1. If r is the Cβ-Cβ distance from D35 to D113 and R0 is 35 Å, what FRET efficiency results, to the nearest 0.05?
2. I'd like to check one number: the per residue accessible area of region 67-133, probe 1.4 Å, reported in Å² as a whole number.
3. Subtracting the Cα-Cα distance from 0.36 nm times the residue separation, let me have the gained length for V127 to E28 in nm, one decimal.
4. What does the C-alpha gyration tensor say about the overall shape of region 20-103? Classify as rounded when a/c is under 1.5, otherwise prolate if a/b is larger than b/c, or oblate.
5. If we count every other residue with Cβ under 13 angstrom of S73's Cβ, Lys/Arg +1 and Asp/Glu -1, where does the sum land?
6. Over region 77-133, what percent of the accessible surface lies on carbon and sulfur atoms, probe 1.4 Å?
7. Excluding D64 itself, calculate the net charge of residues whose Cβ lies under 9 Å from the Cβ of D64, where each Lys or Arg counts +1 and each Asp or Glu counts -1.
Amino acid sequence: MKVWRVLTAAGVAGALMGGCSSAQVTLESRPADADSAQDLVELVADTAGCRGLEYYDDTADHWDFTCQDGDDSYLIRAVRDEGAKQAGLQELGTSPEVKAGSYFLVQAATRTDGSAAGDLDRFPGHVPDPAAG
């Protein structure tokens, strides 16, 4: 009987959690609000196996989240449009480098010596050419 209760509770929790995010989200999705930004960022983090996603900041044009993997920490920024992405690239700089998707940016936290505190290779996207800016 205890096994049934655990399975039932897990099923209910799964159904509730499934209702919280959009099954239609892809890495090319364009966020329009905080909820759709979170859906996109969750997909980016899940693709990289990065856990502990936390929402911490927003503006009219972007939404910032962090995720952690052990000692590594990453900023994942969902952006409203290409202009916000370019502004984000300018703001974040290139040290440590940034990975960009259609409507998201990822950057590892910076260690005290200035190096990246994490590996961006696991994340989707590409490293933009600073000269193309």
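The values are calculated or read from the model by the stated rules, or taken from the named source; none is laboratory data. Everything numeric here is computed off the predicted structure, so don't read it as measured data. Here Cβ is always computed from backbone atoms with ideal geometry, including for glycine, and neighbour counts include all displayed protein chains. For accessibility, only protein heavy atoms count, side chains too; no ligands or nucleic acids. Shrake-Rupley method; radii C 1.70, N 1.55, O 1.52, S 1.80 Å.
1. So, using R0 = 35 Å, E works out to roughly 0.40.
2. Numbers: 3330 Å² over 67 residues.
Accessible area per residue: 50 Å².
3. Working: separation 99, 0.36 × 99 = 35.64 nm, distance 1.61 nm.
Additional length available on full extension: 34.0 nm.
4. Details: a/c = 1.57, a/b = 1.01, b/c = 1.55.
In terms of gyration-tensor shape, oblate.
5. On the way: positive: R51, R111; negative: E54, D64, D69, D71, D72, D119.
Once all neighbours under 13 Å are counted, the net charge is -4.
6. On the way: 1370 of 2880 Å².
The nonpolar share, carbon plus sulfur, comes to 48 percent.
7. On the way: positive: R77; negative: D57, D58.
Net of charged neighbours comes to -1.
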